[in-house]
Each structure stands twice: as C-alpha cells, then as structure tokens.
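Inspection log for the structure reproduced underneath, given as structure tokens.
The values are calculated or read from the model by the stated rules, or taken from the named source; none is laboratory data. No experiment lies behind these values; they were computed from the predicted model shown. We place every Cβ from the backbone using ideal geometry, glycine too, and count neighbours over all the protein chains shown. Surface areas here come from the heavy atoms of the whole protein model, side chains and all, with no ligands, DNA or RNA. Shrake-Rupley method; radii C 1.70, N 1.55, O 1.52, S 1.80 Å.
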Amino acid sequence: MTKITRLNKACAIIFANLLMTGVVEAKMQNEDLWQFISHLSTSVKTVNVNTINRFALPVTEVSQNDNFVFYTSDAVKLSSGATLSAFDLRVNKKPNSKVLFAFDYAGQCVSLGEVRQHYAKMDITDTPRGHSGHEVTSHTAAIGDGQEVTFSFAETNPDCLSSVVITREK
C-alpha cells in the first residue's frame, strides 16, 4: 500500500511538472489539419473580447494595446501526428471587428497541391523579397463571411506548409 501511494505521488509530481513546462500537448479531437482549420474558423467568426472564454482553444492573454488584446495557447498535437504551435490570437476590442488567428504547422509535409484540394481558389498574397531566409510565399483563400485563410510556405522549405493564418475583417 505504501509503495502504491509513493508511486502515485511521484507520478502526480512528474505530471504537474510536465504541465507547467508546456511539454504536454493538448490532443485535439480533430482528425486532421483541415478539420482543425474549419473548427477554428468558426470560432474566429464569432469571437470577441467578451466571448473569449468560448474560443475553440483555451487561450491566455499575453498583452493588449488601445485596439487589440493578444492571446496565446499551448501547442496542439492533432490525431494525425502534426503539431500546431506558436498560436497568436489578436482580437479587436471593438465588437464585430478584425480578428487574426495564426499558428505554425510541423508534421508530415503538406504541399500546395494538397492545400488546393481543400481551397481551390487562392491568390498569392506574399512572396519572398530576398531579405531573409525566414520569408514566406503565402496563398490566401476567401472562406465567406469576411473571413480568409492564408497558407504560408517558408523559403527554407518552399514545398511544405509552415504556417496558417485565419482572419476576420468584420
């Protein structure tokens, strides 16, 4: 009995440390990236500073200025094995105003061709200008109700998706 109690306490301490250091990643119910984007775009469509507690991901306020409140969230591991990280949610303080939700993608390579299977009509909205190896080529699709989704491919690995941004203009 004593050994089991000590083992339980040790496991609880280790788990608490992992949670505090951010090593444990949330497991989303989403099957893949595309369902995650669909789910989060619905949340971006309705979020404002008064409803932030209902956002699809648990978020933490990082800072704010006169116009925006900035939030972040812990990394998410999708059931496909992909990891989504560096979450950046920016919510305008005025209701029904601009929202930006961005994240980095790491996992099995997602090509532009695969993105086009889900978002056929896209425009190139950003291209590398030769100032840095961290620049991206971005392709943006309108997804309705004043929302857009942008898929970026880093210059260092131009064949694979590196980040996604979902925006709402109003």
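Descriptive notes on the structure:
Condition check ((1) open to solvent by 40 Å² or more (accessible area, probe 1.4 Å); (2) farther than 25 Å from E169 by Cα) across all residues:
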| residue | (1), (2) |
| --- | --- |
| A75 | no, yes |
| N92 | no, no |
| N96 | yes, no |
| V110 | no, yes |
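- Count of residues meeting criterion [farther than 13 Å from F103 by Cβ and hydroxyl-bearing (S, T, Y)] in region 44-80: 6
- Counted as qualifying within region 68-170 are the strands (runs of 3 or more DSSP E) with 1 or more residues that are in contact with a helix residue (DSSP H, G or I) (Cβ under 8 Å, 6 or more places away or on another chain) and farther than 24 Å from D32 by Cα, namely 68-72, 83-92.
- Scan of region 110-137 for residues that are of a type outside the set (A, V, I, L, M, F, W, C), touching a residue at least 24 places away in the same chain (Cβ under 8 Å) and in contact with a Ser or Thr (Cβ under 6 Å, 6 or more places away or on another chain), ordered by number: T125, D126
- Residue under evaluation E61, criteria (1) in contact (Cβ under 8 Å) with a residue 12 or more places away in the chain; (2) open to solvent by 40 Å² or more (accessible area, probe 1.4 Å), criterion not met: (1)
- The set of residues in region 93-131 that are under 30 Å from N50 (Cβ atoms) and small (G, A, S) comprises S97, A102.
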